[in-house]
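K.L.:
Below: one structure in structure tokens.
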Amino acid sequence: MIQEEYRRRREELMAMMGEQAVAVLAAAPEQIRNRDVHYPYRQDSDFFYLTGFAEPEAVLVLVPGRAQGEYILFNRERDPDREVWDGPRAGQDGACDQFGADDAFPIDDIDDILPGMLEGRQKVYGSLGQHPEMDQMLFGWVNQLRARSRLGVRAPDEFVSLEHLLHEMRLFKSAAELAQMREAAAVAAKAHRRAMQRCRPGLFEYQIEAEFHAVFRDHGGEHAYPPIVGGGRNGCILHYIDNRAELRDGDLLLIDAGCELDCYASDITRTFPVNGRFSGEQRAVYEIVLAAQQAAIVATRAGNHWNEPHEQAVRLLVQGLVDLGLLDGDIDGLIEQEAYRPFYMHRTGHWLGLDVHDVGDYKVDGHWRELEPGMVVTVEPGLYIADNIPDVDPRWHNIGVRIEDDVVVSRDGPEVLSLDVPKAIDDIEALMRS
Ligand code: GLY
Ligand code: MN
Ligand code: MN
């Protein structure tokens, strides 16, 4: 992403905040994995959206209209000793030269410098409630100013959540973001194809997972979330991530895995037979989910409201469950009573972007919001016939199917980003034979 794009985002945000306000946003803290080992660092998505700055221990301050510069970054100082171990830091010069900050200061000096930037402003925008330590620091700085009110110092008197403005911006993807997301989806699609080609009975779920890791890293990406690689009964566990079981002849394999590239996520699910051939029962359930998914994708168009793809999917899933004999009754009544919930207990999609479950409101003024060009959603209906659902003929047991694609709402209709991985039964079987 070019620096110009980050600058445009900051300016758009500052224009909405107005000159009475200041925004303070912290980088994500590092997380310990075990003892003195950290997890690989992942920047906070809001912070990254506004800065493109990927180091920890940083604070962004936006002060609209400040004469000496509106965009200030507090970040780590250069430190040759530490850089031997951890690699280069941008330092204050890098913050200005490479990341476009108007001013940059060492993070260790923040207590002395930041309160002055709040002085005279009425509102402080922040990511309230996310990082308790940051909240405490922010309240502390404001209190420092309040303590000097008799000297004529004016402290902000309103704390406002930044999310409302920022997440609305993040919901609408720019051309550069869409290009990045097309690439993230293409890499994930490639890995899903490889998984289909490699799969056979006797392998373990983690061996299929390894294909994703190899392809993602081969493209400089990583997992956007822990991958779900679930054979047979495990495919009916929505958040299954153990991925340790042996893959058995005659079972289905459900894989939900997405690649994150430069912080942008893809989120793709495919379900296919371990041995390369769908059984009659698997085929019957799969065709229902596929029809529901295709109808939901068609409904993912500008002008429809957010829930319409879900409603389309639910109607076709319920009709299919009735046709299979797994539900009995009138379709509208079954939908109304949510009789499908033992088999379909999640929603049909979510926003997708920097976060896999991306930010943005789903309702506006209490009503489902309208889909608009630039939004990106997943479309992911499924049916899960676990063996403990009462009154189900055992021939349907442990068939878990989900099909998930990433879809851009555009002026020209839905653009499916994850087309490069087959989902029609014949196409899957042909790829698995190849
Ligand atoms: N992979 C998470 C989801 O599909 O929502
Ligand atoms: Mn998924
Ligand atoms: Mn999803």
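K.L.:
Please sort 316-324, 46-54, 201-209 by packing, taking for each peptide the average over its residues of neighbouring beta carbons within 10 angstrom, highest first.
P.N.:
Ranking the peptides 316-324, 46-54, 201-209 by packing returns 46-54, 316-324, 201-209.
K.L.:
What shape does the stretch 250-344 take by its C-alpha gyration tensor, where a ≥ b ≥ c are the square roots of the eigenvalues and a/c under 1.5 counts as rounded, a/b above b/c as prolate, and the rest as oblate?
P.N.:
Cα axes put the stretch 250-344 in the oblate bin.
K.L.:
Related question: On a 0 to 90° scale, report how tilted helix 3-17 is relative to the longest principal axis of the chain, with both axes built from alpha carbons and the result rounded to the nearest 10.
P.N.:
Roughly 70 degrees between the two axes.
K.L.:
Next question, about the same structure. Note down the relative contact order for the chain as a percent, whole number, built from C-alpha pairs under 8 angstrom at least six residues apart.
P.N.:
About 13 percent, as a whole number.
K.L.:
Given H placed on each backbone N at 1.01 Å, which residues far from GLY413 in sequence or on other chains put an amide H within less than 5 Å of it?
P.N.:
Those lying under 5 Å, H to H, from GLY413 are ALA302.
K.L.:
Excluding VAL421 itself, what net charge comes from residues whose Cβ is under 12 Å from its Cβ, given Lys and Arg +1 and Asp and Glu -1?
P.N.:
With Lys, Arg at +1 and Asp, Glu at -1, the neighbours total 0.
K.L.:
Using each residue's phi in the stretch 203-210, evaluate 6.51 cos²θ - 1.76 cosθ + 1.60 at θ = phi - 60° and report the 3J(HN,Hα) Karplus result to the nearest Hz, with x for Gly and Pro.
P.N.:
Ordered by residue, 3J(HN,Hα) equals 6, 9, 3, 5, 6, 6, 4, 4 Hz.
K.L.:
Still on this model: To the nearest µm²/s, what D does Stokes-Einstein give for the chain at 37 °C and 0.692 mPa s, using the Kirkwood radius over alpha carbon pairs as Rh?
P.N.:
Roughly 137 µm²/s, to the nearest whole number.
K.L.:
On to the next question. Relative contact order of the stretch 345-433: what whole-number percent is it, with Cα pairs under 8 angstrom and at least 6 residues apart?
P.N.:
Reported as a whole number, the value is 24 percent.
K.L.:
Based on the alpha carbon coordinates of the stretch 330-416, what radius of gyration and maximum Cα-Cα distance (Dmax) apply, in Å?
P.N.:
According to the Cα coordinates of the stretch 330-416, Rg and Dmax are 16.4, 46 Å.
K.L.:
Around ASP93, under 15 Å between beta carbons, what's the net of Lys plus Arg minus Asp minus Glu among the other residues?
P.N.:
Spelling it out: positives minus negatives among the neighbours equals -4.
K.L.:
For the chain, which longest stretch is free of loop sites, where a loop site is one of the trypsin sites (Lys or Arg not before Pro) that DSSP puts outside H, G, I, E and B and that has at most 16 other Cβ atoms within 10 Å?
P.N.:
Longest run free of exposed loop sites: 155-243.
K.L.:
Report, by chain and number, residues whose modeled amide H sits under 5 Å from the one on HIS223, excluding near sequence neighbours (fewer than 5 apart, same chain).
P.N.:
GLU260
K.L.:
Taking only Cα atoms of the stretch 50-130, what ratio of Rg to Rh do you get with Rh as the Kirkwood inverse-distance radius?
P.N.:
Checking Rg against Rh, the ratio lands at 0.99.
K.L.:
A further question follows. Provide the net charge surrounding GLY231, with neighbours chosen by a C-beta distance below 12 Å and charges set as Lys +1, Arg +1, Asp -1, Glu -1.
P.N.:
So the surrounding residues net to -2.
K.L.:
For the chain, take the longest principal axis of its alpha carbons; what is the angle in degrees between that and the long axis of helix 280-298, to the nearest 10 within 0 to 90?
P.N.:
That works out to roughly 40 degrees.
K.L.:
With a 1.4 Å probe and all protein chains left in place, how much accessible area per residue does the stretch 83-146 have, in Å²?
P.N.:
Dividing the accessible area of the stretch 83-146 by its residue count gives 52 Å².
K.L.:
Another question, if that's okay. To the nearest Å, what is the center-to-center distance of the stretch 210-253 and the stretch 79-148, using C-alpha atoms only?
P.N.:
Here the answer is 40 Å between Cα centres.
K.L.:
Show the residues, 5+ positions off or on another chain, whose built amide H is closer than 5 Å to the amide H of HIS305.
P.N.:
Amide H to amide H, under 5 Å and 5 or more residues apart or across chains, HIS305 pairs with LEU371.
K.L.:
If you plug each phi of the stretch 319-334 into the Karplus form 6.51 cos²θ - 1.76 cosθ + 1.60 with θ = phi - 60°, what whole-Hz ³J(HN,Hα) values come out, in order, with x for Gly and Pro?
P.N.:
After applying 6.51 cos²θ - 1.76 cosθ + 1.60, I find 4, x, 5, 5, 4, 7, x, 8, 10, 9, x, 7, 4, 4, x, 5 Hz.
K.L.:
Using only the alpha-carbon atoms, how far is helix 132-146 inclined from the longest principal axis of the chain? Give it as 0 to 90 degrees, nearest 10.
P.N.:
On a 0 to 90 degree scale, this one is about 30.
K.L.:
Principal axis lengths of the stretch 1-140 from Cα atoms, whole Å, largest first?
P.N.:
If we take the Cα atoms of the stretch 1-140, the spans are 44, 31, 27 Å.
K.L.:
Moving on to the next point. May I ask for the distance between the Cα centers of the stretch 396-414 and the stretch 284-348, given as a whole number of Å?
P.N.:
Taking the Cα centre of the stretch 284-348 as reference, the centre of the stretch 396-414 is 12 Å away.
K.L.:
Also, I was wondering about something else. Jot down the per residue volume, in cubic angstrom and as a whole number, of the convex hull over the alpha-carbon atoms of the stretch 84-129.
P.N.:
In the stretch 84-129, the Cα hull volume divided by residue count equals 137 Å³.
The values are calculated or read from the model by the stated rules, or taken from the named source; none is laboratory data. Computed from a predicted structure; not experimentally measured. Note: ideal-geometry Cβ built from the backbone for every residue, glycine included; neighbour counts use all protein chains shown. The accessibility values were calculated without ligands, DNA or RNA, using every heavy atom of the protein model including side chains. Shrake-Rupley method; radii C 1.70, N 1.55, O 1.52, S 1.80 Å.
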